[in-house]
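So the structure is just underneath, and the comments pick up after that.
The values are calculated or read from the model by the stated rules, or taken from the named source; none is laboratory data. On a predicted model such as this, the values are computed, not experimentally measured, just so you know. Here Cβ is always computed from backbone atoms with ideal geometry, including for glycine, and neighbour counts include all displayed protein chains.
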Protein chains: 2
Amino acid sequence: MARLATLEIGLNAVIVSVAAGMPQIVQVGDPAGMKPDSLPFGPFDPLRHRTFEIGLRAWVEDQTALRLGYIEQLYTFGDRGRHSASSDKDPHVVSVGYLALTRQTPDAAEMLARHHSAWRSWYDYFPWEDWRDGRPGVLDKDMLPALEEWSRQPPSEDTPPRALGRSERIRLAFGNDPASWDEERALERYELLYEAGLIAEALHDGRPAALERSSIPKFGRPMRFDHRRILATALSRLRAKLKYRPVVFELMPQAFTLTELQTSVEAISGRHLHKQNFRRLVENADLVEPTGATSTATGGRPAALFRFRNTLYNERPAPGLRVGGR
Amino acid sequence: MARLATLEIGLNAVIVSVAAGMPQIVQVGDPAGMKPDSLPFGPFDPLRHRTFEIGLRAWVEDQTALRLGYIEQLYTFGDRGRHSASSDKDPHVVSVGYLALTRQTPDAAEMLARHHSAWRSWYDYFPWEDWRDGRPGVLDKDMLPALEEWSRQPPSEDTPPRALGRSERIRLAFGNDPASWDEERALERYELLYEAGLIAEALHDGRPAALERSSIPKFGRPMRFDHRRILATALSRLRAKLKYRPVVFELMPQAFTLTELQTSVEAISGRHLHKQNFRRLVENADLVEPTGATSTATGGRPAALFRFRNTLYNERPAPGLRVGGR
DNA sequence: TCAAAAGTGTTATCCTTACACCCATGT
DNA sequence: ACATGGGTGTAAGGATAACACTTTTGA
């Protein structure tokens with residue numbers, strides 16, 4: 001068999017936390033301030049680390065001094081041309097993305113700062129995904145017009161054939177009517193924007209032509225390499241998982257009020273939830289139990305504090321929060 | 001930075017089809033008849049193939065002469081020691097697993113035979129996953145006793161710490177009471193059996209000690225390398241996806257009766273479904289439409305033939321078949 | 001006393017589950 | 001005629017979504 005090309009496996013971590021009602025991720029900055037943000041990442045070396053997870057934890061601890069708890073594999077990206085300017089001489093880099101959930105401790109921020117990294121709202125990278133205060137204006141003002149213009153252009157010859165046409169894919173990902181927005185389709189939306197050349201990262205990869213001749217705005221804060229795609233994968237996965245596994249509690253402190261829990265779910269799903277129904281949902285899913293104490297922090301009537309019932313596992317397959325409308 | 005170890009990426013395909021009411025996969029045999037079954041697989045070479053998917057399709061066509069339609073990435077396995085007898089001198093192999101869904105054509109079987117491969121029921125590899133005729137006897141007769149014996153043994157020192165103990169994990173994966181079986185947890189069940197040394201593959205990897213001193217039966221037909229783990233991943237993923245995306249139709253012919261559709265869903269989920277409710281579910285999910293023709297093949301009243309409404313995509317996010325009880 | 005946030009009660013509606021029954025064909 | 005599988009109707013129960021309303025604190 002012929003000799004294979006040099007391969008390298010990059011491990012990438014999307015480290016998610018919720019603080020002050022905002023979903024945040026750890027971003028590693030460039031000390032010189034020249035390059036876009038990146039995720040904590042490093043190559044996988046099987047001689048040093050027996051598994052991906054061990055390697056990932058080591059890289060993250062190196063770059064951020066954070067000890068990760070819950071982690072989960074997202075996806076492996078292998079396309080050529082996604083990893084910035086690549087020639088056939090460079091090693092080919094395959095990216096394995098991971099999702100990590102963590103609580104934000106008070107001293108975490110300065111610890112990160114010493115490592116040229118910081119927490120940043122994930123909606124800085126995807127402003128159109130935050131519907132908590134209603135439908136974002138960019139959608140109708142800039143994004144959908146630009147996407148529709150793209151859908152009217154004939155696809156180039158080297159585009160792989162697809163089951164659905166461009167306008168069908170747009171309708172599916174962005175919703176037919178303004179009401180039918182599916183927050184789990186964040187990845188599909190990002191990939192459409194990328195293909196349409198409406199994302200700064202598309203410039204670095206193989207598709208400059210469609211872009212330079214127009215002055216279309218590039219949406220959201222860019223990231224290095226394919227890191228924003230990995231982040232979009234994390235967003236979709238976490239939003240979906242929220243509904244069938246009790247993962248929010250990885251982001252909550254030991255004790256919390258139901259409103260704080262609701263705020264966290266809203267931060268992640270990007271939607272506003274109906275207060276009364278949320279409470280009922282949580283309480284009769286038996287996911288939490290009262291600690292007995294109350295919190296008087298918010299101004300207003302003191303709220304009862306709850307904790308996650310982790311004995312839950314012994315009783316039945318643990319569910320999530322099947323949040324529905326509004 | 002120090003030199004990295006040699007890495008190789010293996011692409012593996014779980015090719016699923018349903019024929020004669022049985023879920024089947026393509027298995028590549030060993031012409032000499034000495035080695036266990038394997039999945040179609042081959043190394044990823046970025047110089048020859050731009051993406052994983054292109055490479056995978058090429059390998060599958062080489063080994064089985066099948067042209068794949070729907071494919072989807074499952075997971076990437078990177079543990080050392082999973083890929084049979086590995087020393088530090090061999091290249092480290094990372095496995096990227098894919099799920100492919102395909103219709104079975106009449107001539108496919110002999111085409112496969114010429115390539116030393118064949119269709120085989122996936123329940124040959126996981127007999128305990130087929131509940132269509134009630135709870136399989138092996139569970140209570142052999143598997144659960146063996147698992148419980150394992151759960152009583154103290155874990156060895158090099159076992160990574162876990163949130164849940166062995167008996168909790170068994171209860172969660174295999175159900176508390178006989179009624180609460182979650183068919184989507186096929187992967188968790190396989191991994192427990194592997195850890196407990198009740199799977200032939202565990203012998204080849206790092207854990208021979210616990211095995212050789214006992215004469216515990218090894219459950220299900222073994223496969224090469226970590227291929228059975230990839231197959232278990234496919235099982236879990238497909239069973240879950242069935243419920244929220246219309247993927248069954250990738251396995252159905254152009255026209256089919258509702259009973260045939262139900263049989264396919266039952267084959268995959270491994271459960272028996274309630275006939276009347278299944279029909280209603282399908283019909284008022286607007287997933288199918290009558291072709292007008294009828295089939296008289298089964299003996300009894302002729303059944304109306306249906307086809308998948310693929311215009312569905314234009315209307316709303318396409319759902320799956322949320323099959324519930326019975 | 002008033003604003004703010006916590007917490008409770010009630011109703012209409014839809015979906016799921018289950019059961020009972022009728023229909024069209026081959027033998 | 002009767003067995004076999006196809007197909008329909010309907011009622012009970014539970015979950016969801018929406019609404020209005022009461023309670024407890026700080027300022």
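For B:His204, work out the one condition from (1) over 24 Å from the mean Cα position of the chain (by Cα); (2) at pLDDT below 80; (3) surrounded by 13 or more Cβ atoms within 10 Å (Cβ to Cβ) it doesn't fulfil.
(1)
Inspect all residues belonging to region A:270-292 and state whether any of them is more than 15 Å from DNA strand C (Cβ to nearest atom), within 27 Å of the chain's Cα centre (by Cα), at pLDDT 90 or above and not hydrophobic (A, V, I, L, M, F, W, C).
Taking region A:270-292 and keeping what is more than 15 Å from DNA strand C (Cβ to nearest atom), we get A:270-271.
The next check asks that each one be within 27 Å of the chain's Cα centre (by Cα); those that pass are A:270-271.
Those left that are additionally at pLDDT 90 or above: A:270-271.
Applying the additional criterion that residues be not hydrophobic (A, V, I, L, M, F, W, C) yields A:270-271.
Yes - at least one qualifying residue is present in region A:270-292.
Taking the options B:Glu260, B:Glu266, name whichever one is of a type in the set (Asp, Glu) and in contact with a Ser or Thr (Cβ under 9 Å, 6 or more places away or on another chain).
On the way: B:Glu266 fails: in contact with a Ser or Thr (Cβ under 9 Å, 6 or more places away or on another chain).
Just one listed residue meets the conditions, B:Glu260.
Scan A:Ile71, A:Ile9 and give me the residue that is in contact with a helix residue (DSSP H, G or I) (Cβ under 9 Å, 6 or more places away or on another chain) and more than 12 Å from chain B (Cβ to nearest Cβ). Steps first, answer last, please.
Details: A:Ile9 fails: more than 12 Å from chain B (Cβ to nearest Cβ).
Going through A:Ile71, A:Ile9 in turn, just one is in contact with a helix residue (DSSP H, G or I) (Cβ under 9 Å, 6 or more places away or on another chain) and more than 12 Å from chain B (Cβ to nearest Cβ): A:Ile71.
Residue under question is A:Arg224, and the condition is that it be under 17 Å from the mean Cα position of the chain (by Cα), buried (at least 17 other Cβ atoms within 10 Å of the Cβ) and modelled with pLDDT of 95 or more; does it hold?
Spelling it out, it is not the case that A:Arg224 is under 17 Å from the mean Cα position of the chain (by Cα), buried (at least 17 other Cβ atoms within 10 Å of the Cβ) and modelled with pLDDT of 95 or more.
Please indicate, with yes or no, whether at least one residue in region B:37-44 is modelled with pLDDT under 90, farther than 25 Å from A:Arg237 by Cα and among the polar types (S, T, N, Q).
Checked region B:37-44: no residue is modelled with pLDDT under 90, farther than 25 Å from A:Arg237 by Cα and among the polar types (S, T, N, Q).
Let me confirm something: among B:Trp181, B:Trp131, which residue is assigned to a loop (DSSP other than H, G, I, E, B), under 19 Å from the mean Cα position of the chain (by Cα), within 14 Å of chain A (Cβ to nearest Cβ) and in contact (Cβ under 8 Å) with a residue 12 or more places away in the chain?
On inspection, the qualifying residue turns out to be B:Trp181.
Let's see how each residue does on (1) within 14 Å of another protein chain (Cβ to nearest Cβ); (2) without any contact (Cβ under 8 Å) to a residue 40 or more places away in the chain:
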site	(1), (2)
A:Trp150	no, no
A:Pro154	no, yes
A:Pro160	yes, yes
A:Gly165	yes, yes
A:Ile170	yes, yes
A:Arg185	yes, no
A:Arg189	yes, no
A:Leu193	no, no
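Name the pairs: first residue in region B:255-266 and in a loop (DSSP other than H, G, I, E, B), second residue at pLDDT below 95 and surrounded by fewer than 18 Cβ atoms within 10 Å (Cβ to Cβ), Cβ to Cβ under 9 Å, at least 6 apart or on different chains?
Pairs found: B:Ala255/B:Thr291; B:Ala255/B:Ala293; B:Ala255/B:Ser295; B:Ala255/B:Arg307.
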